[in-house]
Structures are given as structure tokens and as C-alpha cells.
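Everything below concerns the one structure shown next.
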Amino acid sequence: MKEKNENNDKKIKIIPLGGLEKIGMNITAFEYEDSIIVVDCGISFPEDDMLGIDLVIPDVSYLVDNKEKVKGFFITHGHEDHIGALPYVLKDLNVPVYATKLTHGLIELKLKEHNLLKKTKRKIVKHGQSINLGGFRVEFIKTNHSIADASALAIHTPAGVIVHTGDFKIDYTPLFGDPIDLQRFAGLGKKGVLALMMDSTNAQRPGFTMSEKLVAKTFNHLFAENKTNRMIVATFASNVDRVQQIINTAFEFGRKVVIQGRSMVNVINIASELGYIKIPENTVIEVEQMKNYQDEKIVIVTTGSQGEAMAALSRMADSTHKTISIKPGDHIIFSSTPIPGNEKAVSKVINELSMKGATVIYQDTHVSGHACQEELKLMYSLLRPQYVIPVHGEYKHLKAQEKLAQEMGTDKSNIFVLQSGNVLQLSKEQGSIIGQVKANEIFVDGLGVGDVGNIVIRDRLVLSENGLIIVVVGIDKHNNQIISGPDVVSRGFVYVREADELMNKIRNVAGRSVEKCINNNISNWGKIKATIKDDMGEFLWKEMKRSPLVMPIIIEINR
């Protein structure tokens, strides 16, 4: 009895550093005494108001501050929102990465691009295998998802077992590979599960997620119906099973396949090398060889299903692709559903394609890779967790998971809908949020990481909405008098040639602002600039009901 009480006192900390307020940027730290392990390390894509931003990565300051405790990263699968930030984070945390074979191959591709391949220790893990690291034993369990080699993790800790499902669905008849290992989940449930962290993406959807075999039937039907035109299929580069389906169907109907999009080419090459895609001989051709075949003998598999501006399909749609132009009669299949926030971009691409005479198909050509309510209920029945921590989704998805857990018998006090940075401490006796760590978003803009913050984004928003006014004033170094100007330059505010009267008023306001400062013996340039900004802002709002970015420039003249 004494030993049991000691085990009850063991405490484990769970610290999500991303992935809770939105879909993407998944990363969670697990801490026990002097050991930290991290599950996943993903990116999210910029929202509409993040002007000029390429990627968003998690803030791992807490991990860097405790780097002597961090033992390694465990990756559930190879999607960008689970592996994309690894190259950025591993520059500050040189620890091993553990993943299954295909996931490992996709990670290696990223590390190679960032010259980290030789520096980073990596280990391929098989389903059913466990890794002992610090105070943890991490077991990889087979699941189904929209990419091969997806895993759930059973994290064995002194406080109890924590099951992290990763992204998953229950597919009893997957098109390729084995079904989810429900037996192992049942075995864990019998022994006792301290906490369950489960994918919440489809927690609002009743029923079951359809099998990937449904899409295979749809593709067969579409190819059989369309034997006279070129076909273009847009899907996620990482959806290896879907790409295999397209290649299989193209081969069956005697069509050649052209791969477009850098990420698509990279993923297919890796998946093919590792045996996750089997390409029939002489099926895939180079884009330059398309001219040797009739349109009805061609299938183009491309990126751009989310309307990404630089993706291959978007460039075809706006006529900027180097080698492929959309023709009237092309049949274009969107084999995906828009990620929340991408709907406008996808709609724009569909409209552009339709205006070029293409037929666009986007019904019944995709099934989700995430579990719906009945599958989630099955997992609750098998695992019977003491605590529930909804993960992967927007707040509404997490709340839907909370409701589902309550319906399945979990007490509301044992369900924790967390925010990024919360420190959740669990033991067999109790669970509670005991603190908060830094968990901001870090913006990646070109080669710059973190050098663009909220202030810069705010300035970009102002520039995009109201434009820029530059005020240039030359001031005598010795007597502080105005020598030249104020000269006013406008960009994106008004068309200067048709606004002479307004520009004269702006010059007068700027001049009065400088004179006011000189008359009050203010020689500090910062204060003069602030006065110009304030006066100009007030004037422009009264005059135009606009608030452009005002940039005063003072030139010191030595006469």
C-alpha cells in the first residue's frame, strides 16, 4: 500500500507550446523532474492579416531555457503542421529526433535544406517499438491518417500512461497498409491510462470518417467518364496514399502522369525510394514530354489545392506557370477540402480556372484524415482515461471534444481545455494548471526568423490600408532654423498630381509643427518627429478620415 501511495504522488507536467488555438503549429512538451521530451514541432501558415509572412513557428524559449533537460523530439507523422518547424528549432536545441520511416525521410529532406543533416541525430522507429529517454518510455502505435506511417504515442511516465493520438482516424479498410492497432489501445485501457490527448479536428462531426477506398471509387468513375480531355488533380503533397491512387487510376486508364510542384516532387521521390509509393514503369513522364502525347493521355498531379499563391495550380490559373497553360475542356479535380481560412484563396483559383474554360470538380474527391465523433467515442471506450486534454484544433473543436468526453463519462473537472503556454500538472490524485510559460508565435519572413514582430505587421497593415506620407525637413545645425522643406512624398495615400491643394495643406501643417518646436526651444529630433506625427495624424483624420503611416525625416545641415 505504501508503494501505491508513492506512485500516486508522482507528478507530470504537460506544456502545449502551440496547436490549440488553431489548426497547425503542433508542439507539446512533457516534463518529469529533470527530463523533457517534445511531441511534434510544426508550423502554421500565415493568416490574412500577417502581411508578407511566409510561415509561423512556435516560440520554444521555455525549451531553450531548459535545454539541459530536453532529451528528444518524438514525431507522430510527416505533415507540415507537425514537422515543419524542426529545422528552425533544432538550431537552438541539438537533440535526437525519433520518427517512423516515411516521417523520418520527410524530416531528413527539411534538415538537408537547412544544412542540419550531419548535426542532427535521428532514429527510425517501428510501430510497436518503444524508446527509453530520461524519465520516459515512448511507444509508437499504428494509426491511420491521410499520410502513411502515422503514429499515436503511449508515453509511459512514473505518474502514469499518457496517450497522444496524433492526427488519426479509424479506417477498417485502408487502401494501403494495415488498419489502426485497436488491440494495443484496448490493452493500454485495461492497464489504466492517466490522460488522453486526442485529435479534435472533427469532434463536431457526427458518425464515422469515410474510408479512403471511397475516393478510389470516385476517381475510377471520373476517369471513366472523361476519356477525351486532359485531367489535372490537385492534392496535398504529403497525402502519399492519395497520390498513389491517382497514379494507379492513371495507369489503369492508359494515361501518363506529370508531377508538378516542388514539394510534390520531393515527397513522391522520398516515398518512392522508401517503398511507400509504387510507380508502374513508364507511367511518370517529365513535363517537357507532354507535347508527345494527346491531352486525353495526360494526368497532371499538382500542388495548390489550398489556393497557395506560389503553388503550381495557382500559377496555372493566373497564367504565370512556365510550361503548363490551362485549356478549355481541362478537367481539374480538387482532391482536398479547404483548411479553415483558405476558403477565399481556393474560391479565387476555382473561378480563374473556370474562366479559362476548365471544368472544376471538388465533390466526393476527398475524405478527411481525422476521426469523427463515433471513432472518438470508440477510443474513449477502449482507453477509459482518467483525464482528457483535447488537442489539435480551434477552440470550438476543443470544446466539442470536451462535450464528447463528458458524454462518455469523464467528469468535467478532469477535462482540461488548455491554451498554449499553460503548465498542466497531473498526478493520480489530481490535475491542475499551475503556471504559464512563454508561447508566442514567431514569424518567418524570407530568411528572417523572428525579426518581424507585431509592430512591423501593424505597420504593414497601415501601409496596405492607408498608405505612407514622408515629410522631409532640413534644419540648420547651429541655429535650429528650417533651411529646406518641409517636402512631402506620398505613396498609396493620394495621387499627388490631382491633389495639389491637399499636399500644400500637409506641407503647411508639417511646417507649423516644426516651427512650434523651434519656438519652444525643442531641439530633440525624437520630440520634433513625434510632434509632426501627432499634428499630421490629427489633420489627416479631420480632413480625409484616413490614418496613413507618417514618417518624418530630419536632415541636419551644416552651413
- Query: Along the positive direction of the dipole of the chain (beta-carbon charges: Lys, Arg +1; Asp, Glu -1; about the Cα centre), which of PRO206, LEU468, HIS392 reaches farthest?
  - Reply: HIS392
- Net charge over other residues, Cβ less than 12 angstrom from the Cβ of GLY421 (K, R count +1; D, E count -1): -2
- Taking only the Cα positions of the stretch 235-300, the convex hull volume per residue in Å³ is 82
- Note on the structure: Charge dipole of the chain built from unit charges on the beta carbon (Lys, Arg +1; Asp, Glu -1), centred at mean Cα; most positive-end Cα among VAL301, GLY421, SER347 is GLY421
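Computed over the Cα atoms of the stretch 187-279, what is the ratio Rg over Rh, Rh following Kirkwood?
1.11
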- Set the Förster distance to 51 Å, then compute FRET efficiency between GLU374 and LYS545 from the Cβ-Cβ distance, nearest 0.05. 0.40
- Query: Got a sec? How would THR283, THR365 order by Cβ neighbour count within 10 Å, fewest to most?
  - Reply: THR283, THR365
- Karplus-derived 3J(HN,Hα), 6.51/-1.76/1.60, for each residue of the stretch 379-384, Hz, glycine and proline x: 5, 4, 5, 6, 8, 6
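Using a cut-off of 12 Å between beta-carbons, work out the net charge of the residues near THR410 (Lys and Arg +1, Asp and Glu -1, THR410 not included). Numbers along the way, then the final one.
Working: positive: LYS377, ARG384, LYS403, LYS412; negative: GLU402, GLU407, ASP411.
Every neighbour counted, the sum reads +1.
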- Between LYS527 and SER484, what length comes free when the chain is fully extended (0.36 nm per residue of separation minus the Cα-Cα distance, one decimal in nm)? 13.6 nm
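For the stretch 213-361, which semi-axes, largest first and in whole Å, follow from the square roots of 5 times the eigenvalues of its Cα gyration tensor?
Ellipsoid semi-axes (Å, largest first): 21, 18, 15.
For GLU538, what charge total do you get from the other residues with a beta carbon under 14 Å from its beta carbon, if Lys and Arg give +1 and Asp and Glu give -1?
Working: positive: LYS505, ARG512, LYS516, LYS533, LYS542, LYS545, ARG546; negative: ASP534, ASP535, GLU543.
Surrounding charge for GLU538 is +4.
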- The simple spin-label model distance between GLU296 and LYS396, using points 7 Å out along Cα→Cβ, in nm, is 4.5
- Which entry in (1) 210; (2) 168; (3) 150 matches volume of the Cα convex hull per residue in Å³ derived from the coordinates of this structure? (1)
- Task: Report, in debye and to the nearest 20, how large the dipole of the chain comes out about its Cα centre when Lys and Arg carry +1 and Asp and Glu carry -1 on their Cβ.
- Result: 580
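Of LYS13/LYS67; LYS11/LYS69; LYS10/LYS396, which sit over 22 Å apart, Cα to Cα?
Table pairs above 22 Å Cα-Cα are LYS10/LYS396.
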- With DSSP loop assignment and no more than 15 other C-beta atoms within 10 Å, the chymotrypsin sites (Phe, Trp or Tyr not before Pro) in the stretch 147-240 are TYR172, PHE176
- Item | Inter-centroid distance (Cα atoms) of the stretch 144-197 relative to the stretch 320-385, Å | 27
- Query: If we count other beta carbons within 10 Å of each Cβ, what is the order of LEU17, LEU383, LEU116, LEU214, fewest first?
  - Reply: LEU214, LEU116, LEU383, LEU17
- Helix 182-191 versus the longest principal axis of the chain: what is the Cα-based angle in degrees, 0 to 90, to the nearest 10? 90
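Give the relative contact order (percent, whole number) for the stretch 30-172; include only Cα pairs under 8 Å separated by 6+ residues. Could you put the intermediate results ahead of the total?
Values: 280 pairs, mean separation 28.8, N = 143.
It rounds to 20 percent for the stretch 30-172.
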- Query: Of the beta bridges DSSP finds with both residues in the chain, what % are antiparallel, to the nearest 5?
  - Reply: 55
- Task: May I ask which residue of GLY492, ILE259, ASN144 lies farthest towards the positive end of the charge dipole of the chain, with charges of +1 (Lys, Arg) and -1 (Asp, Glu) on Cβ and the Cα centre as origin?
- Result: ASN144
- Which ordering of VAL471, VAL215 is given by a fewest-first count of other beta-carbon atoms within 10 Å? VAL215, VAL471
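Every number in this text was worked out from the coordinates using simple rules, so none of it is lab data. Just so it is clear, the model here is predicted, and its values are computed rather than measured. Because the Cβ atoms are built from the backbone with ideal geometry, glycine has one as well, and the counts that use them run over all protein chains shown.
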